[in-house]
Amino acid sequence: MLINMNQMLSVAKKNHFAVGAYNVSNAELLKASVEQCEADNAPGIIAVHPTELAYAKDDFFAYVLQRIRNSNVPFVLHLDHGDTIENVERAIHDGFSSVMIDGSLEDWDQNVAVTKETVTICHRVGVSVEGELGTIGQTGNHIKEHLQNGIYTQPDDAKKFVEETGVDTLAVGIGTAHGIYPSDVTPKIRIDILKEILSVVDVPLVLHGGSSNPDDQIAEAVKTGIAKVNISSDYKHAFFVQARKVLAEDDGWDPNNLFPTAIEAAKEVVHHKNKLFDSVDKADLYNDMKPWRAELI
């Protein structure tokens, strides 16, 4: 069943669990995330970065929509880190039920302006909008600097941003970064900042950079009030480690020989994340919900 993010996270927020958002760019990653969520009876979010959308092409997402609309568990099809209005419009055209517009690297006025414009466009057709405030870094050479000097989301700014833009959900900077952390780096999620934001903001909050963080920190963030956690690197890493192993041991070339165990490796990570987010067996909470269709509202 396809729903939008408002529908998805209103239930998660009310029932104190989080929904995993799994980035996909091909049929194998889609298979891993969707089939495991179905096996877990867990709601799921299929997230697509603009670079993934450009790679997979629009027609692929016609298949994605067919697959998740026919599922017994609820899914959102979500544009992840959209950075232009053109990306947002492309996602709407392709049938996405939710988009993110990321103006977090812009100054305040520009972030508010592009987010507000996105909300105006999307709400006309019932598409949910996620904004971002604060910085969520990239792992790599500058990760230590980011974790030390990253811009945390200020609670008063979060309140003002939500009021001025009308976003449905908000991604907050509380100490995470995208990707796999180096072995000598231990991230620290600022639960104190999260609690302060939750005290002044009513919309569901999103944790980006959910991969490679200690499980206890993620679990605490979810228990505190995070309603959506983005996962990309962790389950893709498991997929490609196994794919490399198969290629090293077998000179075959058929996808049906190469990918099955890689998909299973990715599924193990998705299952672990669903348990960590306490979303296993939560799909039944959506049984009375009507599927989403884009329409003028």
If you check Val112 against the conditions, is it β-branched (Val, Ile, Thr) and either buried (at least 21 other Cβ atoms within 10 Å of the Cβ) or within 28 Å of Val280 (Cβ to Cβ) (or both)? no
Within segment 124-138, the residues that are over 23 Å from Val229 (Cα atoms) and in a strand (DSSP E or B) are none
If you scan segment 255-289, which residues turn out to be more than 19 Å from Leu207 (Cα to Cα), outside any helix (DSSP H, G or I) and aliphatic (A, V, I, L, M)? Met289
Residue set Phe259, Phe240, Phe277; condition surrounded by fewer than 18 Cβ atoms within 10 Å (Cβ to Cβ) and either modelled with pLDDT of 95 or more or out of contact with any Phe, Trp or Tyr (no Cβ under 6 Å at 6 or more places or on another chain) (or both); output residue Phe240
Whichever residue in segment 280-297 is of a type in the set (A, V, I, L, M) and open to solvent by less than 80 Å² (accessible area, probe 1.4 Å) and, among such residues, is modelled with the lowest pLDDT: Ala294
Of all residues in segment 214-229 being outside any helix (DSSP H, G or I) and in contact with a Leu (Cβ under 7 Å, 6 or more places away or on another chain), the one that is surrounded by the most Cβ atoms within 10 Å (Cβ to Cβ): Lys228
Filtering segment 245-254 down to residues that are assigned to a helix (DSSP H, G or I) and surrounded by 11 or more Cβ atoms within 10 Å (Cβ to Cβ), which residue is modelled with the lowest pLDDT? Leu247
The correct count of residues that are touching a residue at least 60 places away in the same chain (Cβ under 8 Å) and outside any helix (DSSP H, G or I) in segment 103-123 is 1
Looking at segment 188-202, which of its residues are modelled with pLDDT of 95 or more, assigned to a loop (DSSP other than H, G, I, E, B) and buried (at least 19 other Cβ atoms within 10 Å of the Cβ)? Val201
What are the residue pairs meeting all of these: first residue in segment 24-49, first residue at negative phi, second residue acidic (Asp, Glu) and buried (at least 18 other Cβ atoms within 10 Å of the Cβ), Cβ atoms under 8 Å, and 6 or more apart or on different chains? Val24/Glu52; Ser25/Glu52; Ala47/Asp80; Val48/Asp80; His49/Asp80
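The values are calculated or read from the model by the stated rules, or taken from the named source; none is laboratory data. The structure presented is a predicted model; accordingly, all values stated were derived computationally and were not measured. We place every Cβ from the backbone using ideal geometry, glycine too, and count neighbours over all the protein chains shown. The protein model used for the area step is the full one, side chains on, heavy atoms only, and it has no ligands, DNA or RNA in it. Shrake-Rupley method; radii C 1.70, N 1.55, O 1.52, S 1.80 Å.
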